[in-house]
Amino acid sequence: MDNIAHFLFGIFGNASGLFLFLAPIVTFKRVIANKSTEKFSCVPYPMTLLNCLLSAWYGLPFVSPHNILVSIINGTGAAIEIVYVFIFVVFAPKKEKAKILGLFSFVVAVFSGVVVVSLLALHGNTRKLFCGFAAAIFSIIMYGSPLSIMRLVIRSKSVEFMPFFLSLFVFLCGSSWFIYGLLGRDPFVAVPNGVGSVLGATQLILYFIYRDSKSDPKKATATAKEEEGTVEMPNHTNSNGTATQEERV
């Protein structure tokens with residue numbers, strides 16, 4: 001029974017994780033249409049790519065047995081993030097282009113280092129511990145990215161830049177992988193996703209607190225501009241009519 005539950009939560013985690021990886025598509029449609037990355041930050045995409053690569057590596061059978069579902073979703077996420085990085089390189093101004101290429105080089109260097117060390121210098125449980133710590137650290141960093149948006153919501157008293165469904169799927173994704181990690185007795189999956197579940201729940205609480213706030217949208221936008229550099233969000237709506245939150249997931 002535990003094995004079945006473990007598998008089912010992994011499948012649900014894959015589904016909710018895919019939604020999060022695809023969330024920025026609206027933004028990149030805008031980038032391609034305008035042939036410009038405007039003022040959107042390039043930082044989230046290569047950093048999410050690094051998280052996906054490390055997590056996908058950790059889930060491989062010769063590193064961490066019984067975690068192939070972790071490799072599947074993160075391998076898919078890595079492919080998606082590479083596309084985002086490529087689009088940024090094509091349409092970003094020279095300064096941003098140099099920045100994202102530098103970050104991409106950092107990602108390749110870190111991931112290559114982890115792979116080489118884990119294959120040549122480590123074996124068995126030591127390899128799992130090394131790769132697990134690397135993956136967990138960057139997973140926590142990834143889940144921590146909405147903190148700036150939560151701060152923006154509190155300051156502006158507006159959820160204009162924190163759409164409900166994206167916050168919901170952050171919570172569902174984190175919770176699914178948290179339970180998956182618990183059932184598999186894997187702290188390297190459970191702990192970072194437990195952090196993600198708590199942060200997702202916090203976003204939902206903030207949403208319900210401020211959803212009926214009468215805050216002036218212009219004030220919310222002005223506050224967002226003050227946060228420029230840490231929050232990357234276009235002020236437009238998606239097909240569901242909700243404001244699109246442009247952040248790494």
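Return the subset of Lys35/Lys99; Lys95/Lys128; Lys94/Lys128 for which the Cα-Cα distance in this structure is over 29 Å, preserving the input order.
Checking Cα-Cα distances, Lys95/Lys128; Lys94/Lys128 exceed 29 Å.
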- Given charges at Cβ of Lys, Arg, Asp, Glu: the range 2-226 dipole, positive-most of Thr27, Tyr58, Gly194: Thr27
- Item | Farthest toward positive dipole pole in the range 2-226 [+1 Lys/Arg, -1 Asp/Glu at C-beta], among Ile149, Gly124, Val170 | Ile149
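Readers should treat all values here as calculations from the given coordinates under stated rules, not as data from a laboratory. Note that the structure is a prediction, hence the values are computed from the model and not measured. Every residue, glycine among them, receives a Cβ derived from its backbone with ideal geometry; neighbour counts consider all protein chains shown.
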